[in-house]
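Just below is one structure, and these are the notes that go with it.
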Amino acid sequence: MSATTKVNVVPSAAGSNNQLPNVPNLDAAFSLSGVNDFNSAAINSYLNFRDYLGIVSLRGTPDSNLSYQITYAAHSITQSFRPDNDGELIFQGVASNASHADADNTLQGDLTYRNGHHTLGTGFYLGEYHVRAGDTSLVFPVDTSGNQTSGTPEPPHGTQPARPREPDPPVRRNRHLPVLLRPPLHRPEHPALLFGEDR
């Protein structure tokens, strides 16, 4: 902007759609109405990830003794598991749509004044944080012994489809809440995805 005032802009975006690996030719663990032959190699479930970050910073030195900086940052992370309902139900007995979203807006600034051998500094920090999580599932009815009684899946008894929930934000937080989504049991083992690292 000028010799004494500068603006820095840092945009960042990342995303991936991950199809989970399958083990072929597994025996069906459950019976699904209307589906007679389903090869476990054809399961088409996804774990999707999105990460967006934007930073704008204003720095200035009005004179040789005074300097300041004001920075605004917005960060959004989402992770979602989208199942192949038929495949997950036949081999796992449950098909769950799971999602997590973590978003924050922060504003911080500092002011420094130098007078000879003395330096006076002050600053501020404001943050707004939102965390949302949701899960909806389909399962097979079973009897008291755990045996499947119907090939038609339904939501678990005594539950309602989950709605996104937003808890009260903590007073101070400089770290995203960790979220761990593990692969279904019929997948070969591979590292679980974890996000929540410091920016």
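Given the criterion buried (at least 17 other Cβ atoms within 10 Å of the Cβ), modelled with pLDDT of 90 or more, touching a strand residue (DSSP E or B) at 6+ places or on another chain (Cβ under 6 Å) and of a type outside the set (A, V, I, L, M), identify the matching residue among Thr78, Thr61.
On the way: Thr61 fails: buried (at least 17 other Cβ atoms within 10 Å of the Cβ).
It is Thr78.
Quick check: is even one residue across the stretch 138-154 of a type outside the set (S, T, N, Q), surrounded by fewer than 14 Cβ atoms within 10 Å (Cβ to Cβ), out of contact with any helix residue (DSSP H, G or I) (no Cβ under 7 Å at 6 or more places or on another chain) and under 30 Å from Asn17 (Cβ atoms)?
yes
Please list, ordered by first then second residue, the pairs with beta carbon atoms under 8 Å, 6 or more apart or interchain, first in the stretch 42-67 and in a loop (DSSP other than H, G, I, E, B), second surrounded by 15 or more Cβ atoms within 10 Å (Cβ to Cβ) and basic (Lys, Arg).
Within 8 Å, the pairs are Ser45/Arg82.
May I ask you to list the residues in the stretch 84-104 that are charged (D, E, K, R) and in contact with a Leu (Cβ under 8 Å, 6 or more places away or on another chain)? Break it down stepwise before answering.
From the stretch 84-104, those charged (D, E, K, R) are 84, 86, 88, 102, 104; that's our starting set.
Scanning the stretch 84-104 gives Asp86, Asp102.
Within the stretch 68-86, identify whether any single residue is under 26 Å from Asn39 (Cβ atoms), out of contact with any Asp or Glu (no Cβ under 7 Å at 6 or more places or on another chain) and among the polar types (S, T, N, Q), and answer yes or no.
Kept after step one, since they are under 26 Å from Asn39 (Cβ atoms), are these residues of the stretch 68-86: 80-86.
If we keep only those that are out of contact with any Asp or Glu (no Cβ under 7 Å at 6 or more places or on another chain) as well, we get 80-86.
From what is left, the residues that are among the polar types (S, T, N, Q) are 80, 85.
Scanning the stretch 68-86, I find at least one residue that is under 26 Å from Asn39 (Cβ atoms), out of contact with any Asp or Glu (no Cβ under 7 Å at 6 or more places or on another chain) and among the polar types (S, T, N, Q), so the answer is yes.
For residues that are more than 23 Å from the chain's Cα centre (by Cα) and either touching a residue at least 40 places away in the same chain (Cβ under 8 Å) or surrounded by 15 or more Cβ atoms within 10 Å (Cβ to Cβ) (or both), tally how many sit in the stretch 13-33.
First, pick out the residues of the stretch 13-33 that are more than 23 Å from the chain's Cα centre (by Cα): 22-33.
Of the ones still in play, those that are also either touching a residue at least 40 places away in the same chain (Cβ under 8 Å) or surrounded by 15 or more Cβ atoms within 10 Å (Cβ to Cβ) (or both) are 22-23, 26, 28-33.
Within the stretch 13-33, residues that are more than 23 Å from the chain's Cα centre (by Cα) and either touching a residue at least 40 places away in the same chain (Cβ under 8 Å) or surrounded by 15 or more Cβ atoms within 10 Å (Cβ to Cβ) (or both) number 9.
Could you tell me whether any residue of the stretch 80-87 is without any contact (Cβ under 8 Å) to a residue 40 or more places away in the chain, under 30 Å from Asn8 (Cβ atoms) and either in contact with a Lys or Arg (Cβ under 6 Å, 6 or more places away or on another chain) or of a type outside the set (Asp, Glu) (or both)?
No, that holds for no residue.
With (1) touching a Ser or Thr at 6+ places or on another chain (Cβ under 7 Å); (2) farther than 18 Å from Pro153 by Cβ as the list, and Ser33 as the residue in question, which single condition is left unmet?
Of the numbered conditions (1) touching a Ser or Thr at 6+ places or on another chain (Cβ under 7 Å); (2) farther than 18 Å from Pro153 by Cβ, the odd one out for Ser33 is (2).
The values are calculated or read from the model by the stated rules, or taken from the named source; none is laboratory data. For clarity, every value in this text was computed on a predicted model and none was experimentally measured. Neighbour counts run over all protein chains shown; Cβ positions are idealised from the backbone, glycine included.
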